[in-house]
Amino acid sequence: MSLFSTPEKVLSHDLTLMPKQAQFVFDDDHWEILYSGAFGAGKSRALCCRAVRLAQFKGARVGLVRKTLADLKASTLITLLEPDGDLPPVLHPEGCTFHKAESWIQVHGGGTIVLFGCDDQAKVGSRPLTDICIDEGIELAKEEYDMLLGRRRGKYTRPDGKENTRSICTATNPGPPSHFLYKRFFEARHPKRLVIETSTAENYHLPPDYVSSMDELSGPARDRYFMGRWVAFEGAIYWMFDLKVHERHDSGPFTKYVAGVDWGFKNPAAIRVHGCNPGSRKSHVVSEYYRSMTVSNEFVEICKATKERYSPLVFVVDPSAADLKAQMRQAGLTVFDGENDVLAGIRRVESDLTPGADGPVFTMEPSCKQGNSEYPAYRWNDATIKEQPIKEFDHALDADRYARMFIHKNSGSGRVIRLGMGKEKAPKPVAPEDRDVSDERWFEGLTDGGDKRIRESAWIGLR
């Protein structure tokens with residue numbers, strides 16, 4: 001029996017689609033479709049419904065893709081196979097067989113859904129697909145989208161005698177008008193391209209308080225996040241950063257900690273401690289160290305004190321700081337090299353700051369003010385041809401970038417902070433009286449080698 005019967009119902013779950021979702025899912029007249037919407041507009045769910053609808057036919061080989069396979073598995077795949085609050089999974093477990101190792105799904109009585117990311121060019125290039133469904137198209141580069149256009153070579157005939165349209169469909173948050181998707185769909189219009197735009201308020205499944213909170217945004221943030229419009233943010237890199245959204249109190253519990261470290265002497269040295277849990281991409285900056293003129297042996301002592309306060313803990317350090325890393329390892333600290341692909345790291349943090357229906361996966365304590373304040377000021381350098389950020393006031397940003405890339409790579413199988421740690425111990429509880437940011441007991445007994453007390457005024461945090 002077909003998984004679908006009418007544009008209103010997904011029969012396996014009796015899942016009612018909203019009008020624009022149904023238009024997107026059941027369109028057979030266009031080669032390319034862009035489903036562009038604000039936060040909470042039901043984009044990923046509509047994309048998964050379309051993938052299942054296209055894969056119900058024998059001979060179908062539908063590609064379900066995102067920038068990286070890890071992100072696809074951590075977000076889109078969950079929407080496809082798991083319940084979302086009161087909403088059931090799009091594809092019922094009894095209606096398919098999931099081959100996890102090979103990353104593909106057999107739809108019973110029909111075709112297959114192939115899961116992959118654009119980060120594996122060799123695998124993408126070897127896949128002849130009948131249709132392609134892209135989640136968060138804003139993350140893709142034009143070259144990646146063009147490559148996917150060339151993968152739609154597969155053909156099959158439906159029971160009604162019609163051939164598949166070999167469509168490529170994209171669900172995404174809106175971006176700046178300079179993005180290639182805007183130019184392709186809004187400026188270079190074509191009769192075989194369709195744009196469907198939707199806003200947060202159109203999703204009547206959302207809690208009213210969530211819709212009201214998004215409606216309180218102002219300026220370009222409201223245009224993008226609530227109204228779903230493609231507007232510019234005047235060079236801001238982390239345009240999605242909003243104090244109301246990303247600064248919050250979160251006491252965990254956290255079972256693991258990752259400290260991103262950006263080293264400097266004249267420029268501030270920064271430590272940003274992220275609390276997290278194995279198997280989750282979420283992290284919360286629980287405290288920070290941020291100050292200049294810190295000599296390396298003093299900084300290592302601060303790192304040792306950090307390990308005493310947060311356990312188990314690993315440090316992910318600026319890869320160019322070879323001497324500092326050697327000193328930290330000699331002091332018994334677990335140290336990993338941070339990834340130094342700046343643009344890839346920026347894209348990672350952009351994605352992590354962008355809120356989903358449950359909010360962003362990356363948040364920070366309001367008390368970590370010095371590092372948090374760098375986010376709104378971070379700008380692209382318009383004087384260069386290539387995408388390059390202006391290298392100033394980015395010390396906490398670099399530390400967070402190292403930490404987020406590490407957490408992202410190690411979140412799939414519970415490996416976060418487990419590498420090289422040996423026997424682990426539970427995080428130490430923090431009594432309420434220890435949460436004051438002026439607390440000096442942290443540093444009792446610590447010296448910089450010259451019997452001088454470690455200066456505690458630069459350390460901020462709640463835990």
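Bear in mind these aren't lab numbers, they're just calculated from the coordinates by the rules spelled out. Just so it is clear, the structure is predicted and the values come from calculations on it, not from any experiment. Because the Cβ atoms are built from the backbone with ideal geometry, glycine has one as well, and the counts that use them run over all protein chains shown.
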### Amide hydrogen neighbours beyond the local backbone of Leu217, cut-off 5 Å, H modeled
none
### Message
Counting pairwise Cα distances across the range 295-372, what percent come out greater than 22 angstrom?
### Response
41
### Task
For the range 25-97, report the convex hull volume of the alpha-carbon atoms normalised per residue, in Å³, without decimals.
121
### Task
Principal axes first, then extents: for the Cα atoms of the range 9-209, list largest minus smallest coordinate on each axis, whole Å, largest first.
41, 39, 35
### Message
What distance in nm lies between label points placed 7 Å from Cα along the C-beta direction at Tyr156 and Met293?
### Response
6.9
### Task
Please give the contour-minus-distance gain from Lys183 to Ile78: 0.36 nm per residue of separation, less the Cα-Cα distance, rounded to one decimal in nm.
34.7 nm
### Query
Taking a spot 7 Å from the Cα of Asp341 along the direction of its beta carbon, which residues of the range 74-118 have an amide N less than 17 Å from it?
116-118
### Query
Name the trypsin sites (Lys or Arg not before Pro) in the range 241-327 that are in a loop by DSSP and that have at most 12 other C-beta atoms within 10 Å, would you?
Lys266
#### Entry: Interchain or long-range residues, amide H under 5 Å from Arg61's placed H
Thr112, Thr130, Asp131
#### Entry: Calculated from backbone phi, Karplus (6.51, -1.76, 1.60) coupling profile of the range 395-406 in Hz, x at Gly/Pro
6, 5, 4, 5, 4, 5, 4, 4, 5, 5, 5, 5
## Note on the structure
Residue separation between Asp86 and Ala101 times 0.36 nm, minus their alpha-carbon distance, gives in nm 2.5 nm
### Query
Expressed as a whole number of Å, what is the distance separating the alpha-carbon centroids of the range 156-217 and the range 63-100?
19
### Task
Output the Cα-based Rg and Dmax of the range 323-367 in Å, rounding Rg to one decimal and Dmax to a whole number.
15.5, 44
### Message
At 7 Å along Cα-to-Cβ for each site, give me the label-to-label distance between Leu149 and Thr16 in nm.
### Response
3.9
